[in-house]
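Read the structure below first, then the notes.
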Amino acid sequence: MAPLQGSRAPMEFGGPLGAAALMLLLPATMFHLLLVARSGSARLLGPPPYLPGLEALWSPWALLLCLTWLGLQAALYLLPARKVAEGQELKDKSRLRYPINGFQALVLTALLLGLGMSAGLPLGALSEMLLPLAFAATLIAFIFSLLLYLKSLVVPAFALAPGGNSGNPIYDFFLGRELNPRICSFDFKYFCELRPGLIGWVLINLALMMQEVELRGSPSLAMWLVNGFQLLYVGDALWHEEAVLTTMDIIHDGFGFMLAFGDLAWVPFTYSLQAQFLLYHPQPLGLPMASVICLINAVGYYIFRGANSQKNTFRKNPSDPRVADLETISTATGRQLLVSGWWGMVRHPNYLGDLIMALAWSLPCGVSHLLPYFYLLYFTALLVHREARDEQQCLQKYGLAWHEYCRRVPYRIMPYIY
Ligand SMILES: NC(=O)C1=CN([C@@H]2O[C@H](COP(=O)(O)OP(=O)(O)OC[C@H]3O[C@@H](n4cnc5c(N)ncnc54)[C@H](OP(=O)(O)O)[C@@H]3O)[C@@H](O)[C@H]2O)C=CC1
Ligand SMILES: CC(C)CCC[C@@H](C)[C@H]1CC=C2C3=C(CC[C@@]21C)[C@@]1(C)CC[C@H](O)C[C@@H]1CC3
């Protein structure tokens with residue numbers, strides 16, 4: 001079944017009204033979280049402690065810092081890569097090429113940071129600038145999305161994403177019209193998905209840890225755990241960078257406000273919420289509880305990595321000895337679907353592992369506040385919605401074979417529950 005394209009494609013996210021609401025709601029939520037994380041009561045579901053004026057949000061230095069950060073990451077992206085990978089086949093039968101040097105960018109950023117800090121760079125001070133930095137990142141995401149939208153108006157029809165060219169400017173601005181916007185070989189979506197936001201997230205976490213040292217003399221065990229777990233997650237994503245080339249964000253979605261804001265602002269400033277909370281609300285954590293939390297994170301990571309690697313190995317080479325014995329279903333496209341191993345347990349075992357890790361990231365913050373569990377709640381909603389979108393796309397791709405897979409593997413994410 002050929003997927004519907006352009007104005008015939010069904011609208012997602014509640015259409016133009018939903019897109020407009022999300023464009024207001026997402027930045028508002030991010031600023032709410034930033035404000036309540038540092039407030040005494042740290043109440044997720046209450047009003048923010050105060051409404052910041054423009055003078056608290058706008059800082060030319062913050063804008064300069066964000067632009068310098070983007071410039072640095074862009075320069076690291078352009079460095080020679082250990083490998084150049086080919087993406088999926090496009091409508092015109094061509095394949096784009098992508099540098100695989102994200103992990104190298106992380107290591108080089110860490111080295112530069114180490115040099116800067118030994119020369120006296122006050123990294124902890126970043127934690128005092130989160131509000132203006134988030135404002136600058138949001139501004140950049142808006143302007144960038146606008147430029148991407150304008151660029152998409154002059155590209156040929158085959159370069160458009162299947163879903164983001166409905167003809168409604170608000171909806172298309174939000175979802176993104178062009179599938180792979182590039183200037184020469186610089187791929188904006190691929191760059192943004194993994195580099196500035198993810199590396200920025202661990203940088204903010206580290207800054208919060210340095211500030212904790214400044215305030216209390218040493219980092220707390222809870223802060224160590226949050227920093228360690230999230231660094232592992234980001235390092236893993238960059239190490240397995242090539243896998244991002246088969247995600248729906250790269251293959252299916254255009255590059256618009258949703259991904260630009262998500263990558264550049266939402267990820268660094270909301271995914272660092274637990275570390276923000278811990279800086280202002282220190283939590284006692286004993287070794288026994290810390291060990292249990294480490295075990296939960298290890299179980300989550302084992303499932304997440306096992307499932308992702310099993311599928312990636314299988315997609316690259318189904319005869320690889322590590323996956324050759326797994327049971328499969330044939331589909332009319334010539335591709336096969338795994339029905340045993342991780343992918344025979346639930347239809348999205350990687351999401352299950354990711355959610356277990358999300359729980360482990362919140363637990364060091366104790367159970368006295370709901371705020372540090374925001375990520376777990378948001379992420380559950382994101383993955384449930386993402387799973388439904390992916391099901392829809394797989395149904396279009398695989399038809400009857402997908403029905404058969406759903407019959408054989410009835411649960412989506414959580415065995416016997418969902
Ligand atoms: N931290 C965060 O904010 C986020 C994290 N993630 C994580 O990123 C990772 C990638 O997620 P995502 O891109 O959503 O999707 P997946 O990696 O789960 O990929 C889904 C695709 O896998 C293939 N597939 C599905 N079932 C099978 C099967 N049984 N056998 C073989 N192939 C199958 C299909 O594509 P095809 O058949 O074409 O290969 C399907 O479209 C996940 O680990 C997720 O948890 C994702 C979003 C946000
Ligand atoms: C702003 C909205 C709420 C939606 C934003 C969505 C984005 C934050 C996410 C869309 C897909 C993502 C992926 C990752 C990070 C979050 C975004 C960009 C990973 C890079 C996280 C690490 C994993 O190993 C791979 C993920 C791929 C998808």
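Would you mind working out the magnitude of the charge dipole of the chain relative to its Cα centre, with +1 at each Lys and Arg C-beta and -1 at each Asp and Glu C-beta, to the nearest 20 Debye?
600 debye
Contact order normalised by length for the chain, with contacts defined as Cα pairs under 8 Å and 6 or more residues apart; what percent is it?
19 percent
Among Cys192, Cys406, which comes first, second and so on when ranked by fewest other beta-carbon atoms within 10 Å?
Going from least to most buried by this count: Cys406, Cys192.
Determine the shape class of the stretch 286-417: with a ≥ b ≥ c the square roots of the Cα gyration tensor eigenvalues, call it rounded for a/c under 1.5, and otherwise prolate if a/b is greater than b/c, oblate otherwise.
Here the stretch 286-417 falls in the prolate category.
Under 15 Å from the Cβ of Tyr418, count the other residues' Cβ atoms, weight Lys and Arg +1, Asp and Glu -1, and hand me the total.
Net charge in that neighbourhood comes out at -1.
Please give the net charge around Ala81, taking every other residue with its beta carbon less than 15 angstrom from that of Ala81, where Lys and Arg add +1 and Asp and Glu add -1.
Every neighbour counted, the sum reads 0.
In degrees between 0 and 90, to the nearest 10, how far off the longest principal axis of the chain does helix 349-362 point, with axes built from Cα atoms?
Compared with the principal axis, the helix lies near 10 degrees.
If you take the square roots of the eigenvalues of the alpha-carbon gyration tensor of the stretch 256-362 and sort them as a ≥ b ≥ c, do you get rounded (a/c under 1.5), prolate (a/b over b/c) or oblate?
Oblate, since a/c reaches 1.5 and b/c is not below a/b.
Output needed for the chain: three equivalent-ellipsoid semi-axes, defined as square roots of 5 times the C-alpha gyration tensor eigenvalues, in descending order, whole Å.
The equivalent ellipsoid of the chain has semi-axes of 34, 27, 22 Å.
Calculate the length of the line joining the C-alpha centroid of the stretch 20-51 to that of the stretch 93-143, in whole Å.
So the separation of the two Cα centres works out to 24 Å.
Roughly how many Å is it from the Cα centre of the stretch 286-336 to that of the stretch 349-366, as a whole number?
If you average the Cα positions of each part, the centres end up 17 Å apart.
What's the longest bit of the chain with no exposed GluC sites (Glu not before Pro), using DSSP loop states and at most 14 other Cβ atoms within 10 Å as the test?
Result, exposed sites excluded: 90-326.
Tell me which of Leu22, Tyr301, Leu198 sits at the most positive position along the dipole axis of the chain, charges placed on C-beta atoms (Lys, Arg +1; Asp, Glu -1).
Tyr301
We did not get these values from a lab; they are worked out from the coordinates using the rules stated. No experiment lies behind these values; they were computed from the predicted model shown. Cβ sites come from the backbone with ideal geometry, for glycine too, and all protein chains shown count toward neighbours.
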